[in-house]
Every structure is written in structure tokens, then in C-alpha cells.
């Protein structure tokens with residue numbers, strides 16, 4: 001299992017320190033949540049802060065857009081060269097066009113599904129993307145309770161991926177911890193995003209990350 005700590009739960013007064021620490025602790029990606037206050041009822045960070053993240057990290061960035069006007073935000077963050085940029089299918093009218101555009105910038109395109117969105121809705125996009133991010137909470141805020149129906153959705157998605165693009169990865173974001181990580185692994189998940197579980201762990205970042213690498 002690959003682990004992508006979400007900096008939404010980091011100490012923004014010591015952001016560079018926290019990012020350096022999670023990289024030393026063995027994370028695989030650094031997950032960056034970008035929210036615009038419109039698509040979700042929260043406002044997070046822009047390219048100036050993410051530029052500082054890019055300088056501090058030794059691991060690839062995984063940028064999750066929770067925004068309206070996806071192309072505008074892709075253009076803002078593409079110069080920082082993240083490994084992935086993911087966008088919500090619920091917001092995008094022309095997803096295939098945007099997928100092609102993200103790839104043309106040298107970035108791996110990914111699509112996000114909210115908890116109510118069926119995996120089958122993106123079946124004919126799977127051949128063209130590198131990752132699907134399944135939300136296991138409603139997007140917008142950290143520290144929410146895990147929605148267990150994501151396990152069944154992950155299994156259904158895995159079946160579709162095997163048919164259309166076996167190299168496509170499944171990522172899950174929201175409420176991930178050591179209690180549900182084995183169920184997520186069995187459901188076919190490849191990457192987990194963990195925010196409060198990592199940054200709020202009393203035993204340290206390494207212990208938290210190691211406990212998710214099943």
C-alpha cells in the first residue's frame with residue numbers, strides 16, 4: 001500500500017518542517033487538497049503555498065482539485081510539476097478533454113468520485129487515466145468519519161479497471177486508519193490518503209505511515 005499524507009492536517013505554521021518529516025518517515029506521495037470555497041464549502045491553498053510545498057518535499061506531489069473551473073486551476077498548478085492532478089467528475093463537463101490536456105502537460109491525470117458517484121460513470125474514461133480517487137468522506141474538510149460503502153465501490157471499480165486499464169491505480173481519501181486499512185487492501189486499493197491519522201498520531205509520523213503499509 002502506498003501512503004499519501006494530506007497536508008490539510010499539517011501544522012501550517014511549520015509546514016516545511018512537517019513535509020520534510022513525513023518524507024523522512026517514508027511516505028510515497030504528498031497529497032495537496034485545493035479547495036475554492038465554491039465546489040466545496042472550504043478554502044485552502046493556492047500556488048504560492050504549494051510552491052513552498054514543492055521546495056520542501058522529496059516525494060512527488062498528488063494535487064486533488066475540489067474546485068469549479070478545473071482548467072483554470074490546472075494551469076495554476078501545472079508549473080509546479082506534480083505527479084498527479086485529480087479533478088472531480090461531478091464538476092467537469094468535458095472530462096476527456098481535460099484528461100488529455102493534463103497529460104499534455106507531462107502530468108498524470110486522475111479522476112475523483114464523491115461517495116455517491118457510481119464507478120460505472122467513468123468506465124469509458126478508464127483507458128485514458130492513471131488513477132481514480134474514491135472519496136470515503138464528503139469532500140471539504142479533514143477529520144471526517146470513514147464511509148464504509150467505499151469498499152464495495154472499490155471492488156466494482158477494480159473489476160472495471162481490469163477490463164479497461166490494468167495499470168490504473170485506485171486511491172482512497174477520507175477517514176483512513178489502521179482499523180480499516182486491511183479492508184481497503186482487500187478491496188483492491190493501491191494508495192491511501194491519510195491526514196489527521198498521520199499528523200495527529202501521538203506515536204509519530206513513521207509509526208502512522210508504517211501501520212498503513214500493508
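Things worth noting here:
Residue-by-condition table, conditions (1) in contact with a strand residue (DSSP E or B) (Cβ under 7 Å, 6 or more places away or on another chain); (2) free of Cβ contacts under 8 Å to residues at least 24 places away in the same chain; (3) not in a helix (DSSP H, G or I):
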residue: 98; (1), (2), (3): yes, no, no
residue: 101; (1), (2), (3): no, no, no
residue: 109; (1), (2), (3): yes, no, yes
residue: 115; (1), (2), (3): yes, no, yes
residue: 123; (1), (2), (3): no, no, no
residue: 134; (1), (2), (3): yes, no, yes
residue: 137; (1), (2), (3): no, no, yes
residue: 143; (1), (2), (3): no, no, yes
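- The test for being modelled with pLDDT of 95 or more, closer than 20 Å to residue 54 by Cα and surrounded by fewer than 17 Cβ atoms within 10 Å (Cβ to Cβ) holds for residue 103.
Listed here are the residues, each with its yes/no results for (1) surrounded by fewer than 20 Cβ atoms within 10 Å (Cβ to Cβ); (2) farther than 27 Å from residue 68 by Cβ.
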| residue | (1), (2) |
| --- | --- |
| 124 | yes, no |
| 129 | no, no |
| 134 | no, no |
| 141 | yes, no |
| 148 | yes, yes |
| 159 | yes, yes |
| 187 | no, yes |
| 203 | yes, yes |
| 209 | no, yes |
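- Scan of the stretch 151-180 for residues that are in a helix (DSSP H, G or I) and either over 28 Å from residue 41 (Cα atoms) or under 14 Å from the mean Cα position of the chain (by Cα) (or both), ordered by number: 155, 156, 158, 159, 160, 161, 162, 163, 164
- For residue 148, the test of being modelled with pLDDT of 95 or more, assigned to a loop (DSSP other than H, G, I, E, B) and out of contact with any strand residue (DSSP E or B) (no Cβ under 9 Å at 6 or more places or on another chain) is passed.
- Test result for residue 211, closer than 21 Å to residue 45 by Cα and over 12 Å from the mean Cα position of the chain (by Cα): no
- Looking only at residues of the stretch 24-49 that are touching a helix residue (DSSP H, G or I) at 6+ places or on another chain (Cβ under 6 Å) and more than 15 Å from residue 86 (Cα to Cα), we find that the one that is surrounded by the most Cβ atoms within 10 Å (Cβ to Cβ) is 27.
- Neighbours by Cβ (under 6 Å, 6+ apart or cross-chain): first from the stretch 157-178, at positive phi and in contact (Cβ under 8 Å) with a residue 24 or more places away in the chain; second surrounded by fewer than 16 Cβ atoms within 10 Å (Cβ to Cβ) and part of a loop (DSSP other than H, G, I, E, B): 175/145
- Matching residues, the stretch 63-79, being touching a strand residue (DSSP E or B) at 6+ places or on another chain (Cβ under 7 Å), free of Cβ contacts under 8 Å to residues at least 60 places away in the same chain and either over 23 Å from residue 38 (Cα atoms) or in a strand (DSSP E or B) (or both): 63, 65
- Applying a threshold of 9 Å to beta carbon distances and a minimum spacing of six or more residues, or different chains, the list of pairs starting in the stretch 189-202 at a residue that is free of Cβ contacts under 8 Å to residues at least 60 places away in the same chain and ending at one that is surrounded by 20 or more Cβ atoms within 10 Å (Cβ to Cβ) and assigned to a helix (DSSP H, G or I) reads 197/208; 197/212; 201/208; 201/209.
- Close pairs from the stretch 37-52: first farther than 19 Å from residue 79 by Cβ, partner part of a helix (DSSP H, G or I), Cβ under 8 Å, at least 6 apart: none
The values are calculated or read from the model by the stated rules, or taken from the named source; none is laboratory data. Being a predicted model, the structure only gives us computed values, none of them experimental. Note that we place each Cβ from the backbone using ideal geometry, even for glycine, and neighbour counts take in every protein chain shown.
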